[in-house]
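*Asks:* Sending over a structure as structure tokens; questions will come in a sec.
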Amino acid sequence: MSGASRIEQRFADLAAAGRAGLVTFLTAGDPDQETSLEILMGLTDAGADLIELGMPFSDPMADGPAIQLSSQRALAAGASMQTTLALVREFRISDDATPIILMGYFNPIYIYGSERFITDAAEAGVDGLIIVDLPPEEDELLAPLQTSGIDLIYLTAPTTDDARLPTVVKNAGGFVYYVSITGITGTKSASQKDIADAVARLKRATDLPIAVGFGIRNADQAAEVAMCADAVVVGSALVSALADNIGAGCADAVHKLVRELAAGVARAAIQK
């Protein structure tokens with residue numbers, strides 16, 4: 001791949017189309033490798049513009065019960081860093097345009113070996129990393145990432161004040177992920193006004209696109225966020241749809257919800 005990164009190109013295409021993007025999160029290997037691949041392969045057709053894959057971890061402390069259980073299911077089915085990267089490689093055989101971001105915690109990367117991980121992730125076709133417990137002051141991954149083509153995406157929150165914000169966005173790449181609530185994933189939701197105010201503040205600090213997540217569960221909420229953000233991130237609702245339909249067509253259930261969310265995002269573009 002040459003020229004613009006997949007993430008940069010996707011956001012440029014979204015801006016040209018006058019709409020926000022839909023970012024979907026699911027845990028790699030949940031509920032098993034075969035079903036996870038089936039779900040992954042259908043996300044783009046269902047309406048996902050960017051894909052986040054969770055790296056299964058035994059102690060996802062920032063995640064709510066739904067995502068914690070998804071990691072447990074994946075690990076019980078044999079998920080590992082190797083199987084996660086294998087999903088990305090398989091996806092890239094038929095889709096070389098949709099950005100894939102791996103999201104999770106530093107421990108599995110450290111155990112795998114940081115430089116080995118970055119090399120293997122780049123080879124597999126990973127475009128970005130969100131490491132929840134690696135603050136911008138920690139630079140373990142910055143040097144090896146600089147020549148990898150992989151963006152390090154940072155989280156900001158309502159508690160990220162103006163004094164800290166320049167530190168957070170200084171080495172950020174791809175986009176900035178605004179966590180719209182304080183607390184764990186899959187709980188409450190923020191108001192549209194609070195999100196709009198936060199996005200405006202972030203845009204004064206960075207030229208990167210702003211993606212907003214946490215607490216978005218349906219098409220109407222996705223439409224509200226898409227009115228003011230560059231992308232809408234949905235995770236816990238999709239993981240719950242999967243969990244509620246294991247053994248009864250969970251791939252279809254996930255893809256159905258993605259289509260509904262994508263329709264909400266598209267509706268917001270018309271209403272702008």
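*Asks:* In this structure, does Gln33 turn out to be out of contact with any helix residue (DSSP H, G or I) (no Cβ under 9 Å at 6 or more places or on another chain) and either under 15 Å from Ala243 (Cα atoms) or small (Gly, Ala, Ser) (or both)?
*Replies:* Here the answer is no, as Gln33 does not meet what is asked.
Residues checked against (1) free of Cβ contacts under 8 Å to residues at least 40 places away in the same chain; (2) within 11 Å of Ala28 (Cβ to Cβ):
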residue: Leu53; (1), (2): no, yes
residue: Ser71; (1), (2): no, yes
residue: Val88; (1), (2): yes, yes
residue: Arg92; (1), (2): yes, no
residue: Asp95; (1), (2): no, no
residue: Glu123; (1), (2): yes, no
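*Asks:* Going by the conditions given, is Ile39 more than 18 Å from Asn245 (Cβ to Cβ), in contact (Cβ under 8 Å) with a residue 40 or more places away in the chain and of a type in the set (A, V, I, L, M, F, W, C)?
*Replies:* Taking the combined requirement at face value, the residue does not satisfy it.
*Asks:* Considering only region 5-23, state which residues are in contact with a Phe, Trp or Tyr (Cβ under 8 Å, 6 or more places away or on another chain) and either within 19 Å of Ala219 (Cα to Cα) or of a type outside the set (Val, Ile, Thr) (or both).
*Replies:* Across region 5-23, the qualifying residues are Phe11, Gly21.
*Asks:* Here is a follow-up. Conditions first: (1) within 25 Å of Asp49 (Cα to Cα); (2) surrounded by 17 or more Cβ atoms within 10 Å (Cβ to Cβ); (3) free of Cβ contacts under 8 Å to residues at least 40 places away in the same chain; (4) not aliphatic (A, V, I, L, M). Tyr177 passes all but one, so which condition is the exception?
*Replies:* Just one mismatch for Tyr177, condition (3).
*Asks:* Tell me, please, whether a residue that is small (Gly, Ala, Ser), assigned to a loop (DSSP other than H, G, I, E, B), out of contact with any His (no Cβ under 9 Å at 6 or more places or on another chain) and modelled with pLDDT under 95 can be found in region 158-170.
*Replies:* For region 158-170, residues small (Gly, Ala, Ser), assigned to a loop (DSSP other than H, G, I, E, B), out of contact with any His (no Cβ under 9 Å at 6 or more places or on another chain) and modelled with pLDDT under 95: present.
*Asks:* Within region 125-140, can you find the residues that are touching a Lys or Arg at 6+ places or on another chain (Cβ under 9 Å) and not small (Gly, Ala, Ser)?
*Replies:* Listed by number, the residues that qualify are Asp127, Pro136.
*Asks:* Still on this structure: So is Lys203 in contact with a strand residue (DSSP E or B) (Cβ under 8 Å, 6 or more places away or on another chain), farther than 30 Å from Ser94 by Cα and charged (D, E, K, R) or not?
*Replies:* yes
*Asks:* Now for a different question. (1) part of a loop (DSSP other than H, G, I, E, B); (2) under 23 Å from Arg164 (Cβ atoms); (3) in contact with a strand residue (DSSP E or B) (Cβ under 9 Å, 6 or more places away or on another chain): which one isn't true of Ile195, the others all being true?
*Replies:* For Ile195, the exception is condition (1).
*Asks:* Taking region 214-223 on its own, how many of its residues are surrounded by 24 or more Cβ atoms within 10 Å (Cβ to Cβ) and either farther than 20 Å from Ala172 by Cβ or in contact (Cβ under 8 Å) with a residue 60 or more places away in the chain (or both)?
*Replies:* 2
*Asks:* If you take the residues in region 227-249 that are part of a helix (DSSP H, G or I) and within 18 Å of Glu52 (Cα to Cα), which one is farthest from the chain's Cα centre (by Cα)?
*Replies:* Ala243
*Asks:* OK, next. Please find, within region 231-272, the residue that is surrounded by the fewest Cβ atoms within 10 Å (Cβ to Cβ) out of those that are closer than 19 Å to Asp32 by Cβ and touching a Pro at 6+ places or on another chain (Cβ under 9 Å).
*Replies:* Gly247
*Asks:* Got at least one residue in region 47-57 being within 17 Å of Ala243 (Cα to Cα) and more than 17 Å from the chain's Cα centre (by Cα)?
*Replies:* No, region 47-57 has no match at all.
The values are calculated or read from the model by the stated rules, or taken from the named source; none is laboratory data. As the structure is a computational prediction, the values presented were derived from the model and not from experiment. All Cβ positions, glycine included, derive from the backbone under ideal geometry; neighbour counts span all protein chains shown.
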